[in-house]
Amino acid sequence: MSALPDRRYSRLLNKRSHWCCSRKKKKKNHTRAGVFFGAPLQIQRSLNLMLFGHILSSYTKAVRLKKLLLTESKHCHRYKSFAAAMSEALDKLELDNAARKAAKAVEDEAVKDTNRIKRNLKRKKWVDWKTQDDEVAANGNKRAPFDPADRIKRKKSAILLSYCGANYYGMQRNPGMQTIEEELFKAMLKHKWITEDSFDQVQIACFQRAARTDKGVSAARQICSVKLPEELDLEAFNADLPEQIRLFGVERVTKGFNAKDQCNARTYTYTLPTVAFASCEAESEQDTFRITPELLDRVKETLKLYEGTKNFHNFTSKKNFLDPSAKRFIMAFTSSEPFQSPQGVEFVTLKVKGQSFMLHQIRKMVGLAIAIVRGNTTAITLERALTEERLDLPMAPGLGLVLDTVHYERYNERYGKDGIHNPLTWEAQETQVQAFVESQIFSQIYKTEAEQRNMLDWIGTLHYHSYDTRKDEPPPPSGPAGGKSSKPEDDNDE
């Protein structure tokens with residue numbers, strides 16, 4: 001039973017008081033359950049019920065309060081235990097973090113020591129100036145100290161370079177190897193185009209090549225960016241270069257120009273004897289073979305299958321199908337009409353233009369196209385090579401591959417007509433470049449093929465390839481998000 005509201009209780013008391021005062025004589029009226037005397041029975045019962053409700057409510061509240069206090073005490077005890085557990089866990093976590101940091105510091109220090117040892121072992125000391133100074137001092141002469149007045153102001157420039165790579169181990173500088181860059185930097189240092197520090201570390205001169213050609217690969221119009229003085233003597237400079245290397249032009253470019261990053265397309269050519277397309281079922285002589293128009297059309301149709309954006313993971317090394325950098329855009333892949341070399345051998349020149357190319361990509365594209373035209377395999381192999389399968393594909397020799405043109409259409413459109421910079425089209429040097437290409441690059445290709453017959457030897461190995469799924473090696477691991485992030489070094493041209 002619940003207690004009456006306080007307002008009702010006060011009204012009942014007032015009513016009783018008024019009734020008792022109006023009576024002249026009080027009567028004692030004893031009832032079993034009442035504690036009020038002289039009041040009507042209904043009012044007595046209401047008051048008794050109200051009082052009983054108050055007492056019961058107070059008792060109930062007391063019981064509830066007791067239970068609440070007991071519960072709170074238990075909860076407090078529980079909370080204290082949880083807090084203690086959390087404190088212990090946090091202390092343990094701090095200790096674990098401290099131990100992990102200490103172990104990481106030890107590991108980092110070990111890695112630094114290892115890298116330091118590797119740098120000391122593989123340091124690229126192109127010129128040992130201390131030894132040279134000691135030798136010069138022994139002869140009575142000593143290199144003069146640096147004079148700030150001799151400092152030469154250098155600005156970012158683009159250079160047009162042509163070279164025959166038949167006797168060189170590629171374009172990029174490599175310790176102990178005969179490379180194109182090594183010969184170039186030696187001549188630059190001799191003519192004071194670069195400083196001694198820049199010779200030791202070419203990044204100081206902001207040197208960057210547009211394409212890194214492989215061993216034996218030539219370039220008709222290679223572009224490099226580097227900081228050079230304003231006054232340059234190209235004729236004297238070329239006199240100190242080997243006959244297979246020539247620098248034909250220098251153009252002032254913007255401060256942020258990068259020969260590789262701002263190149264929006266590259267064109268390569270591959271010159272080979274037409275006997276490479278002869279049927280594999282018949283024996284053909286290189287000197288007497290002549291390609292038919294029907295066979296040349298088949299060559300052109302096969303090359304056209306490469307055009308577009310496709311996944312070329314089978315045409316390079318260490319690339320997974322899921323690697324985004326394996327996708328390349330081929331703008332055009334064509335073949336020239338046949339022509340004869342001075343030695344009487346018939347040749348054709350294949351030309352491919354694309355945004356960028358991976359290591360060995362063009363040579364493998366040419367190798368598979370030759371195998372398809374000869375009949376060693378079918379065009380279905382090319383379709384499968386562009387899927388996720390890993391196939392065994394041949395790679396053509398590097399002799400006939402030439403970097404023909406590096407395209408800078410976007411740069412020319414933005415800066416070529418600003419009145420300060422010239423477009424990088426090199427039209428004034430085209431006659432000299434063509435003469436060098438014919439005398440040094442193509443003549444070397446014709447002569448080597450006629451004497452050594454590299455292409456004939458290579459096509460004799462096409463039947464050793466299965467043109468099917470490779471089972472001898474596992475696929476390269478895929479990086480995060482389906483492949484390793486594409487960095488600039490991923491775009492390793494031929």
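Among the residues of the stretch 337-349, is there at least one that is in contact with a helix residue (DSSP H, G or I) (Cβ under 7 Å, 6 or more places away or on another chain), open to solvent by less than 10 Å² (accessible area, probe 1.4 Å) and within 13 Å of residue 268 (Cα to Cα)? Checked against the condition, which is being in contact with a helix residue (DSSP H, G or I) (Cβ under 7 Å, 6 or more places away or on another chain), open to solvent by less than 10 Å² (accessible area, probe 1.4 Å) and within 13 Å of residue 268 (Cα to Cα), the stretch 337-349 yields no hits at all. When the test is whether a residue is of a type in the set (D, E, K, R) and free of Cβ contacts under 8 Å to residues at least 24 places away in the same chain, residue 281 does not pass it.
Table: residues versus (1) open to solvent by less than 10 Å² (accessible area, probe 1.4 Å); (2) out of contact with any helix residue (DSSP H, G or I) (no Cβ under 8 Å at 6 or more places or on another chain); (3) outside any strand (DSSP E or B).
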| position | (1), (2), (3) |
| --- | --- |
| 152 | no, yes, yes |
| 158 | yes, yes, no |
| 167 | no, yes, yes |
| 178 | no, yes, yes |
| 215 | no, yes, yes |
| 232 | no, yes, yes |
| 241 | no, no, yes |
| 250 | no, no, no |
| 257 | yes, no, yes |
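Report whether or not residue 267 is farther than 25 Å from residue 196 by Cβ and at pLDDT below 95. Considered against the rule, which asks whether it is farther than 25 Å from residue 196 by Cβ and at pLDDT below 95, residue 267 comes out as no. It is to be established whether one or more residues within the stretch 200-211 are at pLDDT below 90, over 27 Å from residue 267 (Cβ atoms) and outside any helix (DSSP H, G or I). There is at least one residue in the stretch 200-211 that is at pLDDT below 90, over 27 Å from residue 267 (Cβ atoms) and outside any helix (DSSP H, G or I). Residues of the stretch 438-452 that are crowded, with 17+ Cβ neighbours inside 10 Å and more than 14 Å from residue 217 (Cα to Cα): 446, 449.
Out of 330, 372, one residue alone is closer than 20 Å to residue 458 by Cα and surrounded by 19 or more Cβ atoms within 10 Å (Cβ to Cβ). It is 372.
Filtering the stretch 427-437 to residues that are surrounded by fewer than 17 Cβ atoms within 10 Å (Cβ to Cβ) and part of a helix (DSSP H, G or I) leaves 430, 431, 432, 434, 435.
Per the conditions (1) open to solvent by 30 Å² or more (accessible area, probe 1.4 Å); (2) in contact (Cβ under 8 Å) with a residue 12 or more places away in the chain; (3) of a type in the set (A, V, I, L, M, F, W, C), the sole criterion not satisfied by residue 296 is (1). Against the conditions (1) surrounded by 10 or more Cβ atoms within 10 Å (Cβ to Cβ); (2) modelled with pLDDT of 70 or more, residue 134 satisfies every one except (2).
The sole residue among 432, 355 that is of a type in the set (S, T, N, Q) and closer than 20 Å to residue 163 by Cβ is 432. Is it the case that residue 408 is at positive phi, crowded, with 20+ Cβ neighbours inside 10 Å and not β-branched (Val, Ile, Thr)? Judged against the criteria, residue 408 is not a match.
The values are calculated or read from the model by the stated rules, or taken from the named source; none is laboratory data. Since the structure is predicted, the reported quantities are computational estimates derived from the model, not experimental observations. Reconstructed Cβ throughout: ideal geometry from the backbone, glycine too, with neighbour counts over all protein chains shown. Keep in mind that these areas ignore ligands, DNA and RNA; they rest on the heavy atoms of the full protein, side chains included. Shrake-Rupley method; radii C 1.70, N 1.55, O 1.52, S 1.80 Å.
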